[in-house]
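Notes for the one structure printed next.
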Amino acid sequence: MSTDANGYSRTVDAPECSCLRDHTTIALSPVAAPYVLGLFGFAAATFMVAANLGGWYGNAETPLVLFPFALAAGGIAQLLAGMWAHRAGHAVAAAMHGTWGSFWMGYGMYNLLIALGVLPAAATDPTAACAFGFWFVVLAAITWVGAIAAAVENVALTAVLGTLAAGSTLLAIALLGGVPVVQTIGAYALLVSAALAWYLTAAIMLEASAKRAVLPVGQRRTAPLPGAVPRNLIQYEAGEPGVKFGQ
């Protein structure tokens, strides 16, 4: 172990690791931050649907208008972002975008079937409302875990997922218990989450363009734990995702 000018410990390569590095070829396959596409898609779809749930607009024809936007922006865009996050090795982004992207695709198809008269709407049918409520039960359980995991990354992402989990919890209670006022509160929680997601994505995109932090997101910096066993990683130093040959 050695210490740099900033006081951080750096690992000195062991002889056997140096040999592996000398005989390893790394083929880089860099990708942009998946959050840029995923969070913008999430923010757009969540704002549109939460505004409808909150009573800002809507009539009998609204499901037919909502379904393509929810399916494309919230579903396809987020699912693609989740797969790219998986490729980049980002567990939180892969889990959250994959889960919510799948939800938005299902939500879009559900609204299409409502518009076609195949399935009843949750707003008018108690049985449908109960079944739809269980969607948010599982979403809330998954998103609360994501919010806890995001706490080690930055404050903004934790706020996005925390308000999203809270909104999902409230919507589950409202749909299962038939409490309209709780649904309205849950819809406003989702609107807050959408606004925070827009801010966080703008910050990520501006930082990528300017090559420096432009908007604060409360980035957390983790230092090596005392007594931690040093690791000799065979990877590109900048952390780009890549495929390693020759090991």
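The values are calculated or read from the model by the stated rules, or taken from the named source; none is laboratory data. Keep in mind it's a predicted model, so treat the numbers as computed, not measured. Neighbour counts run over all protein chains shown; Cβ positions are idealised from the backbone, glycine included.
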Could you tell me which residue of the stretch 57-111 is farthest from LEU139 (Cα to Cα), considering only residues that are polar (S, T, N, Q) and buried (at least 23 other Cβ atoms within 10 Å of the Cβ)? ASN111
Just need a number here: residues in the stretch 138-149 that are in contact (Cβ under 8 Å) with a residue 12 or more places away in the chain and more than 18 Å from GLY101 (Cα to Cα). 1
Only one of these is in contact (Cβ under 8 Å) with a residue 60 or more places away in the chain, of a type in the set (Phe, Trp, Tyr) and closer than 27 Å to PRO34 by Cα: TRP135, TRP198. Name it. TRP198
If we take the stretch 79-182, then helices (runs of 4 or more DSSP H) inside it with 2 or more residues that are within 13 Å of the chain's Cα centre (by Cα) and more than 20 Å from ALA203 (Cβ to Cβ) are 91-115, 126-150
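Is the stretch 103-114 home to any residue that is over 20 Å from GLY41 (Cα atoms) and not aliphatic (A, V, I, L, M)?
Residues of the stretch 103-114 over 20 Å from GLY41 (Cα atoms): 113-114.
Now narrow it down to the ones that are not aliphatic (A, V, I, L, M): none.
Looking through the stretch 103-114, none of the residues is over 20 Å from GLY41 (Cα atoms) and not aliphatic (A, V, I, L, M).
Yes/no matrix, rows are residues, columns are (1) farther than 13 Å from LEU176 by Cα; (2) at pLDDT 95 or above:
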| residue | (1), (2) |
| --- | --- |
| ASP125 | no, no |
| ALA129 | no, no |
| PHE136 | no, yes |
| TRP144 | yes, yes |
| ALA150 | yes, no |
| VAL155 | yes, no |
Within the stretch 73-115, which residues are aromatic (Phe, Trp, Tyr) and at pLDDT below 90? TRP84
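I need the full set of residues from the stretch 124-143 which are of a type outside the set (S, T, N, Q) and over 23 Å from ALA165 (Cβ atoms), in order please. Show your work before the answer.
The initial filter retains those residues of the stretch 124-143 that are of a type outside the set (S, T, N, Q), namely 125-126, 128-142.
Residues satisfying the conditions are ASP125, PRO126, ALA128.
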Checking the structure you have, find out if any residue of the stretch 41-53 is at pLDDT 90 or above, surrounded by 21 or more Cβ atoms within 10 Å (Cβ to Cβ), more than 19 Å from ALA166 (Cβ to Cβ) and out of contact with any His (no Cβ under 8 Å at 6 or more places or on another chain). yes
